[in-house]
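Shown next, in structure tokens, is the structure this report addresses.
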Amino acid sequence: MTFVAHALTASQRDGVFPPADEPAGLASFGAPTGAARVVRGPEARCDLVPGAEVVPALRDLDMGSWAGGRLADIDPAELARWVGDLGAAPHGGESVNDLVVRVRGWLERFDGGTVFAVTHPAVVRAAVSVATGADYRRLDVPPLGRASLTGVGGRWNLRLQ
């Protein structure tokens, strides 16, 4: 299973939490060779492979009232709470812990095969965290960054590319 983060958006470039309907910087790229299934998050910025199946579990972290807002305009105390506590959701959306649980559930239902998933940096981070036990906060996924997981049944290996 290969996860790829969507391309950079204008909002991300400007330090803004992107709204769901914002497209990515790239129009599309071809489906990978050998992928039995190509899936994506539901947001427009994940629509990079024509015909990819929309998977709701691969949606971005719900940023609640911060969606569309500038990072610089967020109360520093709320931002510090959110960054420091994976269970916090001061924006009224989804906590990082909630995201990790959602992604874990999707991975646990995986029944094998070759999957190529276009999703969000937060989702890629969550998948790698679930698979390896790494601290979500210690992972960084750039635009178009990739992570491949091999295995099934809750036993995963991370393959760096």
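Quick rundown of the values:
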{"read-out": "Candidates Val128, Val118 - the one that is under 16 Å from Cys46 (Cα atoms), crowded, with 17+ Cβ neighbours inside 10 Å, aliphatic (A, V, I, L, M) and in contact with a strand residue (DSSP E or B) (Cβ under 6 Å, 6 or more places away or on another chain)", "value": "Val118"}
{"read-out": "Pick from region 98-138, criterion within 10 Å of the chain's Cα centre (by Cα) and not in a helix (DSSP H, G or I), ranking: farthest from Met1 (Cα to Cα)", "value": "His120"}
{"read-out": "Sole exception among (1) open to solvent by 40 Å² or more (accessible area, probe 1.4 Å); (2) charged (D, E, K, R); (3) modelled with pLDDT of 90 or more for Asp21, by number", "value": "(3)"}
{"read-out": "In region 60-97, residue surrounded by the fewest Cβ atoms within 10 Å (Cβ to Cβ) [restricted to those that are part of a loop (DSSP other than H, G, I, E, B) and in contact (Cβ under 8 Å) with a residue 40 or more places away in the chain]", "value": "Gly68"}
{"read-out": "Any hit, region 131-146, residues being open to solvent by less than 60 Å² (accessible area, probe 1.4 Å) and among the polar types (S, T, N, Q)", "value": "no"}
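The values are calculated or read from the model by the stated rules, or taken from the named source; none is laboratory data. Note that the structure is a prediction, hence the values are computed from the model and not measured. Reconstructed Cβ throughout: ideal geometry from the backbone, glycine too, with neighbour counts over all protein chains shown. The protein model used for the area step is the full one, side chains on, heavy atoms only, and it has no ligands, DNA or RNA in it. Shrake-Rupley method; radii C 1.70, N 1.55, O 1.52, S 1.80 Å.
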